[in-house]
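Novice: The structure follows.
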């Protein structure tokens, strides 16, 4: 009979990894990127929503032809999303992935 439950040695290995200095550094690195970036993007989005609700005159200002401030800021929301994704990919490749790979290799080696 086979069971899907992990054996105690596997569980102990993962708990040891969670207590390791490298894992703590990995979590701190991720949090140091994710939380500030999330707050910054949320504030940027909230600014757009608030301006749309309470500064209709400003948002309706025509910039070029039929393009107004609201349309420009709305499009910049998409640009910002892609820039954050691109920046995270660079950040992860340089700072997160090497540390995660190190942890994984040590786990596989049984250390």
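Read-outs throughout are calculated quantities, based only on the coordinates presented, and are distinct from any laboratory measurement. Since we're looking at a predicted model, the values are computed, not measured. Counting neighbours? That spans all protein chains shown, and the Cβs are built from the backbone with ideal geometry, glycine included.
Novice: Rounded to the nearest 500, what is the 222 nm mean residue ellipticity of the chain from helices alone, with -39500 (n - 2.57) per DSSP H run of 4+ residues and division by all residues?
Specialist: Computed ellipticity for the chain at 222 nm equals -26000 deg cm²/dmol.
Novice: Let me ask something else. When the chain is modelled as a GNM with alpha-carbon springs shorter than 10 Å, which of 49, 64, 96 fluctuates the most?
Specialist: Looking only at 49, 64, 96, the largest GNM fluctuation is found for 64.
Novice: Out of all Cα-Cα pairs in the chain, roughly what percent, to the nearest whole number, are more than 23 Å apart?
Specialist: Here the long-distance tail beyond 23 Å is 55 percent of all Cα pairs in the chain.
Novice: Okay, next question. Say each of residue 9 and residue 64 gets a label point 7 Å from the Cα, pointing the same way as Cα to Cβ; how far apart are those two points in nm?
Specialist: 6.6 nm
Novice: Relative to the longest principal axis of the C-alpha atoms of the chain, give the angle of the C-alpha long axis of helix 8-19, reported between 0 and 90° and rounded to the nearest 10°.
Specialist: Orientation of helix 8-19: about 50 degrees from the principal axis.
Novice: Which residue fluctuates the most in the chain, going by a Gaussian network model with Cα springs under 10 Å, if the choices are 23, 33, 58?
Specialist: Most flexible of the set in this elastic network: 58.
Novice: Related question: Using only alpha carbon pairs under 8 Å that are at least six residues apart, calculate the relative contact order of region 1-97 and give it in whole percent.
Specialist: 23 percent
Novice: So if each residue of separation counts as 0.36 nm, and I subtract the Cα-Cα distance between residue 55 and residue 37, what length gain in nm does that give?
Specialist: 3.9 nm is the gain from fully extending residue 55 to residue 37.
Novice: Next question. With angles folded into 0 to 90 degrees, how steeply does helix 69-91 sit against the dominant principal axis of the chain? Use alpha carbons for both and round to 10.
Specialist: Value to nearest ten degrees: 20.
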